[in-house]
Structures are given as C-alpha cells and as structure tokens.
Ligand code: NAD
C-alpha cells in the first residue's frame with residue numbers, strides 16, 4: 001500500500017461561505033424592516049448532549065442575527081403535550097424554523113412528533129414530508145442538515161466533486177445515510193450526479209464496498225470502524241461520526257467513525273471535530289433564513 005498523508009477537508013471555510021450568505025440575507029431583510037429569522041427548539045427533559053447541541057446552535061445563531069428560543073417540556077411529557085407544543089409554535093407567523101430534540105420520552109412516537117412540524121418550517125428535515133421533497137429532488141431548504149452538510153463539503157472542492165464518482169455511504173439513518181444517498185444520486189444541472197452504494201449493519205462485507213469507492217461517507221455511530229485497509233489510496237473520506245472520549249489527562253475530546261490511521265491512505269479526510277459539524281450548524285441557519293425570507297439565500301437542499 002502506498003503511504004500518502006491525507007489533507008484535511010475542513011468545515012470552517014464551507015461554513016463561513018454559507019454564513020456570509022445568511023448574514024447578507026438578514027442584513028437586506030432588516031433594511032426592509034423585516035423581523036429576524038426565528039428558530040424554536042422543542043425539548044422534553046434535560047438530556048445533556050441535546051442541551052449542549054442547543055447551546056451551540058444558539059451561539060451560532062446569535063452571531064448571525066437569527067433569533068432562537070426553546071419550548072421546554074418535562075421529561076415525562078406525553079405525546080399529546082409535545083405535539084400540541086409543536087403545533088402551537090408551528091402556527092405562529094413569528095416562528096420560521098421548528099426543531100424537536102431527541103431522545104423523546106418513553107412511549108412517544110417519533111413519527112407523530114416529527115410529522116407535526118409544518119413542512120415549510122421543518123428546518124431539520126425530519127418529517128416524512130421533508131424527506132419526500134428530498135427524494136423528489138426538490139431543493140427547498142428542508143433536507144436533513146447533516147446530510148446537506150456532507151453535500152456542501154463534497155461540492156466545495158474540485159478534488160471531491162461527486163459527479164461521476166462512486167460514493168459508498170455506511171449508515172442508512174433518516175438523518176444522514178438515506179437522504180444523503182438521494183441527494184448525491186440526484187441529477188439535473190446543479191446536482192451531484194454520483195453513483196451511490198448505501199451500506200448498513202446487515203451489509204455482509206462493508207470493506208468490499210468501501211475499498212472500491214472514490215468517496216466514503218461513514219455515519220454508523222461505531223467509533224473507528226473505517227480502517228485504512230478499507231480505503232482506496234487517495235479516496236475522499238467524510239467522517240460523520242461523533243464520539244466523546246476522555247483522554248489520559250482527563251480532558252474530553254471528540255473522535256469519529258474513522259480510525260486515525262486512515263489518514264495515511266485517504267486523499268482528503270474530514271477531521272473530527274472541525275469537519276461535518278460546523279457545516280451542519282451553518283446549513284441549519286441557512287434553512288431558517290430561507291424559511292423566513294423565501295428565495296433570499298442560495299438554492300440548496
Ligand atoms: P443511527 O444509529 O441512527 O444509524 C447508524 C447506522 O449505521 C444504521 O443505519 C446502521 O445500520 C449503520 N451501521 C451500524 N454499524 C454498522 C456497520 N458495522 N457497518 C455498516 N453500517 C453500520 O445513527 P445516526 O443518527 O445516523 O448517526 C451516526 C453517527 O453520526 C453518530 O456517531 C452520530 O453521533 C453522528 N452524527 C453526527 C452529526 C453531525 O452533525 N456531525 C449529526 C448526526 C449524527
């Protein structure tokens with residue numbers, strides 16, 4: 001195996017460009033006297049990772065002039081209470097984006113909750129209606145933000161443009177793998193035009209697929225799953241995984257689904273942290289802004 005040192009495909013420049021577009025749209029709307037975009041998050045209970053995620057969203061939003069607020073429900077809230085809170089926020093003309101945090105209380109139907117979010121405000125793209133738009137090839141700013149972030153990263157660099165490439169995705173969740181397969185295989189002008197293989201936990205030999213891929217996207221939630229012998233020399237690797245680790249010195253860090261040794265084989269490799277994550281937050285801000293001011297930001301998933 002040739003030893004190459006991969007180049008990081010960082011999220012920061014991609015996120016910066018998206019945020020600049022958002023900032024400009026908000027400034028123009030403010031000149032016209034329009035209210036700032038408003039994102040509401042519904043959360044039941046106090047899951048620490050969810051609260052940390054919401055704090056990160058709030059910080060990004062504050063820097064861009066996007067308003068955020070939270071509807072906080074008890075950890076034992078019923079499905080009817082959660083759906084009612086979503087419907088109340090969803091019916092307000094002052095709310096442009098609406099998200100629900102997971103996990104939901106035991107016994108609450110995920111489908112009932114995500115489908116209560118009105119399509120035009122579904123900035124996290126979890127409802128069946130939003131996924132339907134993605135699978136129909138309609139770019140209306142309601143695609144799941146993480147999947148859309150992977151597309152943005154790939155389209156940001158000539159060396160990993162997906163058109164004509166073979167992309168292997170590991171992980172078929174409705175927040176990453178499946179919508180991403182639809183986005184990357186879409187055709188028609190501005191689209192990705194890739195050949196896509198979608199793998200999951202029942203794929204008998206994941207390596208047989210990843211080894212022949214030009215681009216590997218790994219979103220399995222299995223730390224270090226992608227090993228160097230599973231990657232073609234020079235391939236692009238997008239690491240969606242996030243795992244918290246405690247280092248020997250007691251500090252806490254983040255790692256992904258990619259074994260660090262893949263860096264000796266891959267051409268471009270997204271770091272964790274600093275790869276997909278920052279772009280996901282920027283995409284979310286673009287979605288809220290597009291929901292507030294239709295047509296004001298670049299067309300995207
Ligand atoms: P999930 O648990 O819903 O789905 C995991 C998927 O991986 C499943 O489809 C499963 O079939 C597949 N899988 C599991 N083991 C596999 C194996 N050995 N081979 C092939 N496929 C396998 O997870 P998710 O919500 O899609 O998240 C995946 C990872 O991405 C997690 O680490 C999560 O923390 C991270 N994530 C990151 C972001 C971000 O913005 N960076 C956003 C969402 C999720």
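The values are calculated or read from the model by the stated rules, or taken from the named source; none is laboratory data. Here the structure is a predicted model, which is why all the values come from computation and not from measurement. Note: ideal-geometry Cβ built from the backbone for every residue, glycine included; neighbour counts use all protein chains shown.
Of note:
- Filter pass, residue 42 being under 20 Å from the mean Cα position of the chain (by Cα), farther than 30 Å from residue 266 by Cβ, part of a helix (DSSP H, G or I) and touching a residue at least 40 places away in the same chain (Cβ under 8 Å): no
- Residues of the range 230-251 satisfying the condition of being more than 15 Å from the ligand (Cβ to nearest atom) and surrounded by fewer than 24 Cβ atoms within 10 Å (Cβ to Cβ): 232, 233, 234, 246, 247, 248, 249, 250, 251
- Selection status of residue 148, assigned by TED's automatic domain parsing to the domain that holds residue 217, touching a strand residue (DSSP E or B) at 6+ places or on another chain (Cβ under 9 Å), within 16 Å of the ligand (Cβ to nearest atom) and on the phi < 0 side of the Ramachandran plot: no
- Leading residue by the ranking (nearest to the ligand (Cβ to nearest atom)) among those in the range 163-176 that are surrounded by fewer than 24 Cβ atoms within 10 Å (Cβ to Cβ) and over 14 Å from the mean Cα position of the chain (by Cα): 166
- Single match in 248, 300 (criterion: under 18 Å from the mean Cα position of the chain (by Cα) and at pLDDT below 95): 300
- Conditions (1) crowded, with 21+ Cβ neighbours inside 10 Å; (2) in contact (Cβ under 8 Å) with a residue 40 or more places away in the chain: number failed by residue 184: (2)
- Of the residues making up the range 210-229, those that are closer than 17 Å to residue 184 by Cβ and away from the ligand (no atom under 14 Å from the Cβ) are 212, 214, 215.
- Residue 207 surrounded by fewer than 17 Cβ atoms within 10 Å (Cβ to Cβ), in contact (Cβ under 8 Å) with a residue 12 or more places away in the chain and near the ligand (Cβ under 10 Å from one of its atoms): yes
For every residue, the table says whether it meets (1) in contact (Cβ under 8 Å) with a residue 12 or more places away in the chain; (2) within 23 Å of the chain's Cα centre (by Cα).
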residue	(1), (2)
7	yes, yes
10	yes, yes
21	yes, yes
31	no, no
34	yes, no
37	yes, yes
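- Selection over the range 61-100 of residues that are assigned to a loop (DSSP other than H, G, I, E, B) and more than 20 Å from residue 130 (Cα to Cα) gives a count of 8.
- Filtered residue count, the range 187-203, keeping only those that are more than 10 Å from the ligand (Cβ to nearest atom) and surrounded by fewer than 19 Cβ atoms within 10 Å (Cβ to Cβ): 8
- Residue match in the range 24-31 (condition: crowded, with 19+ Cβ neighbours inside 10 Å, at pLDDT 95 or above and over 22 Å from residue 280 (Cβ atoms)): no
- Evaluating residue 128 against the criteria (1) over 22 Å from residue 281 (Cβ atoms); (2) touching a residue at least 60 places away in the same chain (Cβ under 8 Å) leaves one unmet condition, (2).
- Selection count, the range 200-217, where residues are out of contact with any helix residue (DSSP H, G or I) (no Cβ under 8 Å at 6 or more places or on another chain) and within 19 Å of residue 175 (Cα to Cα): 2
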